[in-house]
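Participant: Pasting a structure here, questions to come.
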């Protein structure tokens, strides 16, 4: 299948020719073969896109709430009609199994927009403070958006829709690993009637296009999702012009399993959640913390659950996991597994190398380690692959201490039959999200974390406010 517009950028409502003819291959992770060529942008391309966004902002910031709601409804309708195109594109460009691509990856393009629409419809731009002063929220201005490859549409929607709702204009740089879904989304926005210049798309490398946006004097805000290293680079570049920076970065999320729950059920759910999307999720529960009294039971349950996880090609239907997204990611995961073995962790399933029957593609073996302590690098560093560690804890206080002993603080998970304990522990966890007894936060709830997991929140009304400035007007 050929894809359109991979050699053009979307600027000021049109597909335009980039200033450079430099191209890179877009690789199918399942076959390691090129299936498209992507033209890379320059600082000049980024500047042109910012200029278009700046001009469009003069008008778009004055658009009414009703006009923005109508536009969001139009985007929903066009996306829903083209939903299968997104599923197929994401499956091809990042290796997501087609069932997951349809039911999760592409599906969030609808669920998040619906949640934003609901939140925005109920949102008041003006309110009166208890002291009588008027509090006003308005758009921050032109925004630079940098999105990752692991959940491409998820992160695009979590930035584009709230920016539109707030009255901002934007320039987006998606990951060069997953450009097709971003191109399709630009087509959706164009068809839906987004005014020229309000949304602009430029492909390119982070140190080139990303840095140009972060440093640009006319960009009022940078919203970045990706690695902690990338987030610090954006922050440094943005500091020159004192712009707002919102970051959604890495994680090493704890999954605390107490003895007063159905341990086998909680462990099985934890393994499946950790391995979902081939482990390439920032909020993946990669550290399973288990109460000592049921630790052996949990290890056996994890071994059994891990052995049932199937690896398969993305185009086949089923609940298997696919390949990792790139050669670089494959190499990193292999090195992390090797490191854990050298550290003395007990390998209970999986391990080094590709699964049997896979010679091509960035496939890895679903891997679980037991007898891990939280000082091991495998327990501290983000793997971003289907690798789980199981760590014992003595009691409630010990579980909290281990859970919080990390540079990250994105998500967390708790399984217990004691509601009071759940509340007690949840309030002490240094994490932006707590998922309880196999549940998961709903669309519209704020997504984001503590510490080196980022700054700010995405989703719902709080996600919209990330793209706003606050003004207070005294009584008159």
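Participant: Extension gain residue 262-residue 346, at 0.36 nm per residue separation less the Cα-Cα distance, in nm?
Facilitator: 27.8 nm
Participant: Among 338-344, 210-216, how do they line up from the highest to the lowest mean number of other beta-carbon atoms within 10 Å? Display every interim value, and only then the final one.
Facilitator: Values: 338-344: 14.6, 210-216: 24.4.
Result, highest mean first: 210-216, 338-344.
Participant: Does region 254-442 come out rounded, prolate or oblate by the C-alpha gyration tensor, with a ≥ b ≥ c the root eigenvalues, rounded set by a/c under 1.5 and, if not, prolate when a/b is larger than b/c and oblate if not?
Facilitator: prolate
Participant: Between residue 395 and residue 37, how many nm apart are label points set 7 Å from Cα along the C-beta direction?
Facilitator: 6.7
Participant: Bin by bin, in steps of 5 Å, what percent of the Cα pairs in region 292-363 do you find, going until the bin that has the longest distance?
Facilitator: 3, 14, 19, 22, 21, 12, 6, 3, 0
Participant: Summing -39500 (n - 2.57) over the DSSP H runs of n ≥ 4 in the chain and dividing by its residue number, what mean residue ellipticity at 222 nm do you reach, to the nearest 500 deg cm²/dmol?
Facilitator: -11500 deg cm²/dmol
Participant: Roughly how many nanometres apart are two label points built 7 Å out from the Cα toward the Cβ at residue 63 and residue 196?
Facilitator: Taking the two extended label points, one gets 1.5 nm.
Participant: For the chain, take the longest principal axis of its alpha carbons; what is the angle in degrees between that and the long axis of helix 108-121, to the nearest 10 within 0 to 90?
Facilitator: That works out to roughly 60 degrees.
Participant: Quick one: angle between helix 419-428 and the longest Cα principal axis of the chain, in degrees between 0 and 90, rounded to 10, please.
Facilitator: Orientation of helix 419-428: about 60 degrees from the principal axis.
Participant: Of the peptides 107-115, 385-393, how do they stack up when ordered by the mean number of other Cβ atoms within 10 Å, highest first?
Facilitator: Working: 107-115: 19.8, 385-393: 25.4.
For the peptides 107-115, 385-393, the packing ranking is 385-393, 107-115.
Participant: For the Cα atoms of the chain, what angle does the longest principal axis make with the long axis of helix 83-94, in degrees from 0 to 90, nearest 10?
Facilitator: The angle comes out at about 60 degrees.
Participant: Further, regarding this structure: Find the centroid of the Cα atoms in region 388-445 and in region 222-298, then give the distance between the two in whole Å.
Facilitator: 11
Readers should treat all values here as calculations from the given coordinates under stated rules, not as data from a laboratory. Not measured: the values here are computed from a predicted model. Here Cβ is always computed from backbone atoms with ideal geometry, including for glycine, and neighbour counts include all displayed protein chains.
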